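Here's the structure, in structure tokens; my notes come after.
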Amino acid sequence: MPRLIAALVRHGEYHQRAHIPSALQPYPLNARGFVQTDEAAAALIAEAAENQWDICNRIDSSTLLRAWQTAERYCLAIQGHLDMPAQLASFDALCERSVGSAANLTLAEIQKIISDDPRFADLPEDWKSNSHFCLPLTGAESLMMAGQRVAEHISMSMQDCINAERDTLKVFVGHGAAFRHAAHILGVLNFDDIAKFSMYHAKPIYIELIDDKWVHIGGDWKLRDGARTMLD
């Protein structure tokens, strides 16, 4: 039976505003982000060639610009190694954890909004990194909720490759925290390791579906520097 491998790719570095949760920031890759992506895409192509994996012609991306641009560069890179046109498909399901109606406010502004609302208790100190905490605002999610929808998308999308005749690699481009929580839900990352590790910009983590279980088979998690922020 052919092997099915998913490459989880965190977007490249981008023009991120300071002191604002990165989840829904709408800004593009910066110059370094484009270089990171081109280098990582070349490495993925080499990895696929070495292992004799076919590369799926459709790359699934978050709808956020930094992820879409990363996926677009990957598409351009793999096009020359396909016998059909490379395609880019964007999905809200691959976006980072949403902070809902607090999107793109500063951390201080979010804190004040919650403190000033008589319906809510003050935010816990670890609200940004607590996997199960959800802001009490319209449209907000917990990190685990975001991971669940990402995991579901990966599982459903990989079904499109189930009838492949050769070992097949499919690329997903999204966001670090959502991918790490999805990796936990898929069984390839222990819960305690979600906070321990991050992801390198643009570099893939390879997971393989073996006997209906996902297994981490390649790519390195990035050891965090001790700052427990899970906002991408």
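The values are calculated or read from the model by the stated rules, or taken from the named source; none is laboratory data. Note that the structure is predicted; figures quoted are calculated from it, not measured. All Cβ positions, glycine included, derive from the backbone under ideal geometry; neighbour counts span all protein chains shown. Areas reflect the complete protein model, heavy atoms only, side chains present, ligands, DNA and RNA absent. Shrake-Rupley method; radii C 1.70, N 1.55, O 1.52, S 1.80 Å.
Quick look at the numbers
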quantity	calculated
With eigenvalues of the C-alpha gyration tensor scaled by 5 and rooted, the stretch 93-156, Å	24, 11, 9
Residues of the chain: accessible area per residue with a 1.4 Å probe, Å²	48 Å²
Sparse-neighbour loop sites [trypsin sites (Lys or Arg not before Pro); the stretch 64-136; at most 13 other C-beta within 10 Å; DSSP]	Arg119
Integer Hz, Karplus 6.51/-1.76/1.60 couplings in order for the stretch 19-29, x for Gly and Pro	6, 10, x, 6, 2, 10, 5, x, 8, x, 4
Sequence of Val188, Val9 when ordered by accessible area, the most exposed leading, probe 1.4 angstrom	Val188, Val9
The chain: calculated mean residue ellipticity at 222 nm from DSSP helix runs of at least 4, using -39500 (n - 2.57)	-10500 deg cm²/dmol
Counting all C-alpha pairs of the stretch 12-109, share separated by more than 15 Å (%)	65 percent
The stretch 4-223: antiparallel DSSP beta bridges as a percent of all, rounded to 5	50 percent
Exposed GluC sites (Glu not before Pro) absent: longest stretch of the chain, with sites in DSSP loops and at most 13 other Cβ within 10 Å deemed exposed	1-124
Exposure rank, largest accessible area first [Leu76, Leu107; 1.4 Å]	Leu76, Leu107
Helix axis angle, 31-51 relative to the chain longest principal axis, alpha carbon, degrees	40 degrees
Alpha carbon convex hull of the chain, projected area averaged over orientations, nm²	12.3 nm²
Alpha-carbon centroids, the stretch 101-143 and the stretch 16-78: separation in whole Å	29 Å
The stretch 33-115, dipole about Cα centre (Lys/Arg Cβ +1, Asp/Glu Cβ -1), debye to the nearest 20	420 debye
Reachable aspartates and glutamates, given that their alpha-carbon falls under 15 Å from the alpha-carbon of Lys128 and they are not under 8 places away in the same chain	Glu96, Glu109, Glu141, Asp232
Amide H contacts of Phe197 (H built 1.01 Å from N, under 5 Å, at least 5 apart or other chain)	Arg224
Amide H within-cut-off set for His81, under 5 Å, with H built and near neighbours excluded	none
Crossing angle, helix 107-116 versus the chain [Cα axis fit, 0-90 degrees, rounded to tens]	50 degrees
Accessible area of the chain belonging to carbon and sulfur atoms, whole % at 1.4 Å probe	51 percent
Helix 176-185 vs. the chain, principal-axis angle (Cα, 0 to 90°, nearest 10)	70 degrees
Fluctuation leader among Pro118, Pro26, Pro136 - the chain, Gaussian network, Cα springs under 10 angstrom	Pro118
Candidate lysines for bridging to Lys222, where Cα separation is under 17 Å - those fewer than 8 sequence places away on the same chain excluded	Lys196, Lys203
Most mobile of Asp83, Asp122, Asp92 in a GNM of the chain (Cα contacts under 10 Å)	Asp83
